[in-house]
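Read through the structure below, which is laid out as structure tokens, and then see the notes.
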Amino acid sequence: MGHEAFQAADLLGSVVDDRFEILAKLGEGGMGAIYKARQISMDREVALKILLHDQRGDPISVERFRHEAYLASRLNHPNAIVIHDFGQSANGLLYIAMEFLEGETVKERVRRVGRLPLKSALSIASQTLRVLTEAHRMGLVHRDVKPDNIFLTQMEGDPDFVKVLDFGIAKLTAVREGIDGYQGGLTIKGKIYGTPNYMSPEQIRGKPLDHQSDIYSFGVVLYELLAGKLP
């Protein structure tokens, strides 16, 4: 099958890297399309994130994609999404195979019901803080904490079990860069990463970031959980 045949819209029904059978398209972002797939060798459903065709020629996009897979796979925490595998097919498709989740994002929940009950909001908040604390302990700054990246699923008897998503723009702080054989710096000079409504003042100004920036963003999310709207 030719290179052009691997455009994101054409993958339904195909098998990626002789390993992942594409079952359905779940969504698409700026860098990647997400598919529901079956990992053939394990006979299990996975979420397969594939770098979009028009991003594969951009070295920065390719490196960010690999970066997301690497960092997310290092974060071993119940509230972090599980990375099963990542790689590149013979046809040039870059992919990340993640645990398949059913549920909704916090953004979808707030849009659907408005402000959340206090008990529910505090449960979501505490779970999110736990995984961020572990990430910060590793020297990892998420840089895009927002309701879209907090997923709610049913797990371990909890109907609102949190999974924090999308480490595509995460960064290792300076003290951790280069540890374990990976360089954490993917920032382009003059480029600001994140989502404006949730960005800390230092992030908006393009200043160096540490864990406190994530905490600021989390504070905005917590307000939205309790008020049903942005500050």
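Readers should treat all values here as calculations from the given coordinates under stated rules, not as data from a laboratory. Just so it is clear, the model here is predicted, and its values are computed rather than measured.
The Rg/Rh ratio of the stretch 73-157, with Rg taken over Cα atoms and Rh as the Kirkwood radius over Cα pairs, comes to 1.02. The base-10 log of I(q)/I(0) for the stretch 9-65, evaluated at q = 0.18 Å⁻¹, reads -0.61 [Debye formula, identical scatterers on Cα atoms, solvent excluded]. Pairwise inverse Cα distances across the stretch 3-99, averaged and inverted, put the Kirkwood hydrodynamic radius at 13.4 Å. Here's the list of aspartates and glutamates a cross-link from residue 119 could span, going by alpha-carbon distance under 19 Å and ignoring same-chain residues fewer than 8 apart: 104, 108, 156, 158, 160, 224. Taking a straight line from the alpha carbon of residue 25, these lysines sit under 27 Å away, with near neighbours fewer than eight places off in the same chain left out: 36, 49, 107, 146, 163.
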